[in-house]
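Novice: After the structure tokens below, expect a handful of questions from me.
What follows draws every value from the coordinates through simple rules; no lab data is involved. Because the structure is predicted, anything quoted here is derived from the model rather than measured. Cβ coordinates were reconstructed from backbone atoms using ideal geometry, including for glycine residues, and neighbour counts include every protein chain displayed.
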2 protein chains.
Amino acid sequence: MHEFRVWAPRVEKISVRIGNEVFAMKPLNDRGWWSAQVEEAGPGTDYAFILNNDPNSYPDPRAMWMPNGVHGPSRVYGTGAFAWTDQSWNAPPLASAIIYELHIGTFTTEGTFDGAIKQLPHLAALGITHIEIMPVAEFPGDFGWGYDGVALFAVREAYGGPDGLKRFVDACHAHGLAVLLDVVYNHFGPVGNYTGMFGPYMTSNHRTPWGDAVNLEFEQSDEVRRFFCDNALMWMEEYHIDGLRLDAVHEYVDRSAIHFMEQLTTEVEDLAARLGRSLVLIAESDLNDPRVVWQREAHGYGLHAQWNDDFHHALFTMLDAQGEGKGYYGDFGSMERLAKALTQVFVYDGIYSQYRKRIHGRPVDALSMHHFVGFIQNHDQVGNRATGDRLEHFVGLDRAKVALGLVLTSPFIPLLFQGEEFAASSPFQYFAHHEEEEMARSVSEGRKREFSAFGWLPEEVADPETRETFERSKLNWNEMHEEKHAAMLDWCRRLIELRKSSGALTDGNPRHVKVRFDEEKRWLVMDREKTRVALNLGDSPVDLDGYQGYRLLLGSENDIRLVGESVHMPAARLAVFTLED
Amino acid sequence: MHEFRVWAPRVEKISVRIGNEVFAMKPLNDRGWWSAQVEEAGPGTDYAFILNNDPNSYPDPRAMWMPNGVHGPSRVYGTGAFAWTDQSWNAPPLASAIIYELHIGTFTTEGTFDGAIKQLPHLAALGITHIEIMPVAEFPGDFGWGYDGVALFAVREAYGGPDGLKRFVDACHAHGLAVLLDVVYNHFGPVGNYTGMFGPYMTSNHRTPWGDAVNLEFEQSDEVRRFFCDNALMWMEEYHIDGLRLDAVHEYVDRSAIHFMEQLTTEVEDLAARLGRSLVLIAESDLNDPRVVWQREAHGYGLHAQWNDDFHHALFTMLDAQGEGKGYYGDFGSMERLAKALTQVFVYDGIYSQYRKRIHGRPVDALSMHHFVGFIQNHDQVGNRATGDRLEHFVGLDRAKVALGLVLTSPFIPLLFQGEEFAASSPFQYFAHHEEEEMARSVSEGRKREFSAFGWLPEEVADPETRETFERSKLNWNEMHEEKHAAMLDWCRRLIELRKSSGALTDGNPRHVKVRFDEEKRWLVMDREKTRVALNLGDSPVDLDGYQGYRLLLGSENDIRLVGESVHMPAARLAVFTLED
């Protein structure tokens, strides 16, 4: 016996179809829920819904298993049956995290959860604490980044389906690795989204880059919010996920007295209390608004952390001279901005942005910097380039090492992107497969058009629709032990080791971060109590004074020399020192 | 000499036309401001702007004087020239306020500021402390409520223009009356709004009941926010207005890190500091969100107060049995809801609303109740009825007295609507004159259609476009001394007198308000420390116990009897008691 339940306030009548049999559903309450108990159904049964007199049948918006693709039918998934081995697991605090972002489809040749499991010893040995996986909700097409998911409760079959994700999470926990999952609650993908036939999931009163906004504040929005909150809770309870990364929270439009984010953090906290496990929520936010991470008691939304794009942009524009002035990078491009990011988190904290053509942001003031995630590479920053080339490909190993060095000694929670640790040679390109020819052509052409504005020829831009783009983006794990890659990996490992053992580097107090720099020579010195990070991003060597009593802990190359009171830093170097007592 | 300045980022070139002469303007900065100094212009000069090669000319969006109507030309107004006599004026605290809302066009037969001045002695004698005037920004047509203003910096000429408003404010201050002004920052009226030709004042990314939303968060929104903030500051500085009532703040859509309301309260506070005068901001808010009045230090928007519609609805549905169940009143209609409003401000504080089809609001908790304005009549609650009939017209004098009694003894800041104090016989109808036939017909028909849903015949609904509707809505001051009206006026005066002299009634602490009630018999008792308010809204007399030691202070009729431990309350009565020491 299985009870089917569905929220469908937009239909007059609804049935569940199983094979050639049709079972009428009954209203469960006056808010649009329907139910049907079917004797012969159970885990493994394929089903779909028939709405009104529509001859077609449609997948369950909350289906947990979509082995037949996004157009359905759905399959009943037997929850609670997995043999977990992580009973004693609890995630380490986010403040101590080294996050590693990966995409299941390209992390390994197999492109599956089981494939990814094989690389966990490498990540654990590297010192990673949290793995962040890009979205795994079912989406149409043969490959994609995952941000166009439509069956948000179903784990992508091609990755290994629901049980595959459980095996992966269980294995991560066995290796001492926490798992964060990227979830998209600001839109549904354009293909295979049938939710609108069931209920008012979207509203045309607000427009987003993807079209209509999610209905978080109008009639029947309670159930829409329930849909997303229940989705969040499901990953944490049924799949043992330790936290979520919320995609682009700036595209939520919600004037409710209890903002959707506040509701979510409240419910997740309650779940953590019930499960006795640490659960965290991290936002991707373009708002530069500390309200996202202010505690709820301080009338914030209470997320644990948010990404800090300003730090990325400030550092990136100091690494990549050619990139200066393009798009949003035009708002950055000085050591002063980088210093501001390192000490004040948001460069745009209430000042005018030329790119946005308006004042942007608000100061974070005395908030712990552990509320902010810092990175120089992530899926967007690599993949949204015309050819998906990684930082090292165009700035060289020396500068890539400096960048990684600053990320891992920064006061932020560091995040690495798959392959960054060994300066992978493979690109990470934008791929998004669409079966419909019209759609596929439009995506390909749109991408080429977008980059032609920056001077790219159509043939230079990676075509998102071809399988080669996807395959090309897979990591080549065999190269990891070649000289260049091994050097980067060693640098990465030593940096992580240092960070983990350092009280100064894991201190989140913004008042304990002091930065000096020279705009012309492009050196920067960051003091974190007795630990000093010095970097030279200029094209010439520099000699810096004031190093009496300092000892060199770590250098990105062996040619950094500490002589008496001064240190000699060749171009494109980073070093970490400590002041001896 | 006069310098013309205008923000017009949407034009390639712009000139100012004075008579037959045209003066080219020069860019003032790179954010869309233009300027022209014209030797022969000065206060009194009529002018308009020529945009690009458009043969027409357009009024100044920030014009302070529009004596030729909304389509222009504008006239230069000589600021700072008025001979103020209110040098020693400062407004009393809002917590002590008795607010009186009035509409200049219908408050007196003249329908002008000067006409209104003649009634100030009456209001002062009544005990009113704050006069709130409905919008006076210039709008098209011969009469209207004022919410379709388009020249937001210009005082309506028909009311007396800029100098007329100054004479009025100065006279109010001379009578010891503070002045609040109703301002509309959520939309422009549909006729005569030329701002869109100058700059992106609106955005199509958000929709409101009036169409596109005001652009508070997208490109160039800084200057749009400046426009509204400067407008607010102008009223307070140039016109000596003591505070503003912000129309429908729930229609602002703003995800900026500094919300528009927070920016406004910050700037108004700074102005108050500079001028050495108390300035307040009051919101009309349908959000039921205490964030509106939380202090900025507590991460709220920091408004001083907001209207509390829930109290109105809860009380109204207990007065008007026929009204129950219609529209938003369906969410109210019990003594329990009224008791909740009196003790917890928001009835909808996180509970499900059948009318809204979603959960609504958030608890106010321990906030002072002086952050909330309470009323049983206002321009909307009277005027948005099909015939604009006032409460007393359909519930009778006895119940109108009970309602007024509860408003004036409630913990909220009480607000009265013009004529309420003497149970005026004139209605206050919806009137909105449009010169364009098409527009006028559409407004008339829309109004009739709207009310036909509630069973009204088209001929029963007051036609907003006819002058009779406007004239009919004017107060008849001659009736004030007739018996019924004089009785109400006396009741009102005594209640205000009692409130002003009572420590218990001016105590804003929600913990000091205790309410008991009987749902069936419809009596309610509100204890505010040693002061007790008892009311009987049932159709039969009730005898209430527990009055040992109490003394009757005030009764809505003389037939309320206190005998020993109990009090006899006929139907439709309110009385105030005090516990003797």
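Novice: Kindly write out, for region B:173-184 in residue order, the coupling ³J(HN,Hα) from the Karplus curve 6.51 cos²θ - 1.76 cosθ + 1.60 (θ = phi - 60°), rounded to whole Hz, with x marking Gly and Pro.
Specialist: Using θ = phi - 60°, the values come out as 4, 5, 8, x, 10, 7, 10, 10, 10, 7, 10, 10 Hz.
Novice: Nearest 500 deg cm²/dmol is fine: what mean residue ellipticity at 222 nm does the protein assembly as shown get from its DSSP H runs of n ≥ 4 alone, each adding -39,500 (n - 2.57), divided by its residue count?
Specialist: Computed ellipticity for the protein assembly as shown at 222 nm equals -8000 deg cm²/dmol.
Novice: Now for a separate question. Using only the alpha carbons of region B:471-530, determine the length spanned along each of the three principal axes and report them from longest to shortest in whole angstroms.
Specialist: Largest first, region B:471-530 extends 45, 33, 22 Å along its Cα principal axes.
Novice: What is the fewest-to-most order of A:Ile50, A:Ile376, B:Ile241 by other Cβ atoms lying within 10 Å of their Cβ?
Specialist: A:Ile50, B:Ile241, A:Ile376
Novice: Now, a different point. From the gyration tensor of the Cα coordinates in region A:449-493, what semi-axes in whole Å does the equivalent ellipsoid have, largest first, with each one equal to sqrt(5λ)?
Specialist: 31, 15, 8
Novice: Still on this model: Taking the Cα centre of region B:305-405 as origin and charging only Cβ (+1 Lys, Arg; -1 Asp, Glu), how large is the dipole, in debye to the nearest 20?
Specialist: 200 debye
Novice: Give me D for region A:88-226 in µm² s⁻¹, whole number, from Stokes-Einstein with Rh from the Kirkwood sum over alpha-carbon pairs, 37 °C and 0.692 mPa s.
Specialist: Taking Rh from Cα pairs, D becomes 199 µm²/s.
Novice: Given Cα pairs under 8 Å that are at least 6 residues apart, what percent is the relative contact order of region A:514-579?
Specialist: Computed over region A:514-579, the figure is 34 percent.
Novice: Under the √(5λ) rule applied to the eigenvalues of the Cα gyration tensor, what semi-axes describe the equivalent ellipsoid of region A:292-345? Give them in Å, descending.
Specialist: For region A:292-345, the ellipsoid semi-axes come out as 29, 11, 8 Å.
Novice: Under a crude label model (7 Å from the Cα following the beta-carbon direction), how far is B:Phe454 from A:Glu39 in nanometres?
Specialist: Computed distance between label sites B:Phe454 and A:Glu39 equals 5.4 nm.
Novice: If you average the alpha carbon positions of region A:414-464 and of region B:143-178, how far apart do those two centres end up, in angstrom?
Specialist: A separation of 60 Å, based on Cα centres.
Novice: Only Lys, Arg, Asp and Glu count, each charged at its Cβ (+1, +1, -1, -1), so figure out the dipole size of region B:18-68 about its Cα centre, rounded to 20 debye.
Specialist: Here region B:18-68 has a charge dipole of around 220 debye.
Novice: Using only the alpha-carbon atoms of region A:514-579, report the extent along each of the three principal axes, biggest first, to the nearest angstrom.
Specialist: If we take the Cα atoms of region A:514-579, the spans are 27, 25, 18 Å.
Novice: Taking every DSSP beta bridge with both residues inside the protein assembly as shown, roughly what % is antiparallel (nearest 5)?
Specialist: That works out to approximately 70 percent antiparallel.
Novice: Please list, ordered by chain and number, the residues whose modelled amide H lies under 5 Å from the amide H of B:Tyr547; skip anything fewer than 5 residues away on the same chain.
Specialist: Excluding prolines and chain starts, which carry no amide H, the hits are B:Ser566.
Novice: Hey, what do the phi angles of region A:387-401 turn into as Karplus ³J(HN,Hα) couplings, whole Hz, using 6.51/-1.76/1.60 and θ = phi - 60°, x for Gly and Pro?
Specialist: Going residue by residue, I get 10, x, 6, 7, 3, 4, 5, 10, 10, x, 5, 4, 6, 5, 5 Hz, with x marking Gly and Pro.
Novice: Ok, one more. Sort region A:104-185 into rounded, prolate or oblate with this rule: let a ≥ b ≥ c be the square roots of the eigenvalues of the Cα gyration tensor; rounded if a/c is under 1.5, and if a/c is not under 1.5, prolate when a/b is larger than b/c, oblate otherwise.
Specialist: Prolate shape, in that a/c is at least 1.5 and a/b is the bigger ratio.
Novice: Okay, moving on. Where does region A:151-297 land on Rg/Rh, using Cα atoms and the Kirkwood Rh?
Specialist: 0.96
Novice: Continuing with the same structure: If you line up the long axis of helix B:483-501 against the longest principal axis of chain B, both from Cα atoms, how many degrees apart are they, to the nearest 10?
Specialist: Value to nearest ten degrees: 90.
Novice: Related question: What net charge is computed for the residues neighbouring A:Gly503, neighbours being all others with C-beta under 10 Å from the C-beta of A:Gly503, Lys and Arg scored +1, Asp and Glu -1?
Specialist: Here the count lands on 0.
Novice: With the calculation restricted to Cα positions, what are the radius of gyration and Dmax of the protein assembly as shown in angstrom?
Specialist: Reported Rg and Dmax, both Å: 33.9, 103.
Novice: Rounded to a whole number of µm²/s, how large is the Stokes-Einstein D of region A:254-322 at 25 °C and 0.890 mPa s, given Rh as the Kirkwood radius over C-alpha pairs?
Specialist: The calculation lands on 180 µm²/s.
Novice: Moving on. Dividing the convex hull volume of the alpha carbon atoms of region B:308-374 by its residue count, what do you get in Å³ per residue?
Specialist: 73 Å³
Novice: Work through the residues other than B:Phe82 whose Cβ is under 10 Å from its Cβ and net out their charges, Lys, Arg +1 and Asp, Glu -1.
Specialist: -1
Novice: Okay, moving on. What's the whole-number percent of alpha carbon pairs in region A:356-486 lying beyond 21 angstrom?
Specialist: Percent of Cα pairs beyond 21 Å in region A:356-486: 54.
Novice: May I have the convex hull volume per residue, in Å³, for the Cα set of region A:2-58?
Specialist: 75 Å³
Novice: Could you give log10 I(q)/I(0) at q = 0.10, 0.12 Å⁻¹ for region B:240-358, computed by the Debye formula over C-alpha point scatterers of equal weight, without solvent?
Specialist: Rounded to two decimals, the profile gives -0.38, -0.53.
Novice: Rounded to the nearest whole Å³, what is the per residue volume of the convex hull around the Cα atoms of chain B?
Specialist: Hull volume normalised by residue count: 155 Å³.
Novice: Could you tell me the ratio Rg/Rh of region B:444-554? Both radii from Cα atoms, Rh via Kirkwood.
Specialist: So for region B:444-554, dividing Rg by the Kirkwood Rh gives 1.14.
Novice: Which residue, chosen from B:Pro458, B:His103, B:Gly374, occupies the Cα position most advanced towards the positive end of the dipole of chain B, where the dipole is computed from +1 (Lys, Arg) and -1 (Asp, Glu) charges on Cβ about the Cα centre?
Specialist: The listed residue farthest towards the positive side: B:Gly374.
Novice: In µm²/s, what is D for region A:123-165 at 20 °C and 1.002 mPa s, where D = kT/(6 pi eta Rh) by Stokes-Einstein and Rh is the Kirkwood radius from Cα pairs?
Specialist: For the chosen part, D equals 187 µm²/s.
Novice: In nm, give the distance between the simple-model label positions of A:Arg441 and B:Leu28, each being 7 Å from the Cα along the Cα-to-Cβ direction.
Specialist: About 5.2 nm separates the two model spin labels.
Novice: OK, next. Where does the charge balance sit around B:Ser566 when Lys and Arg score +1, Asp and Glu -1, over other residues with C-beta under 10 Å from its C-beta?
Specialist: Net charge around B:Ser566: -2.
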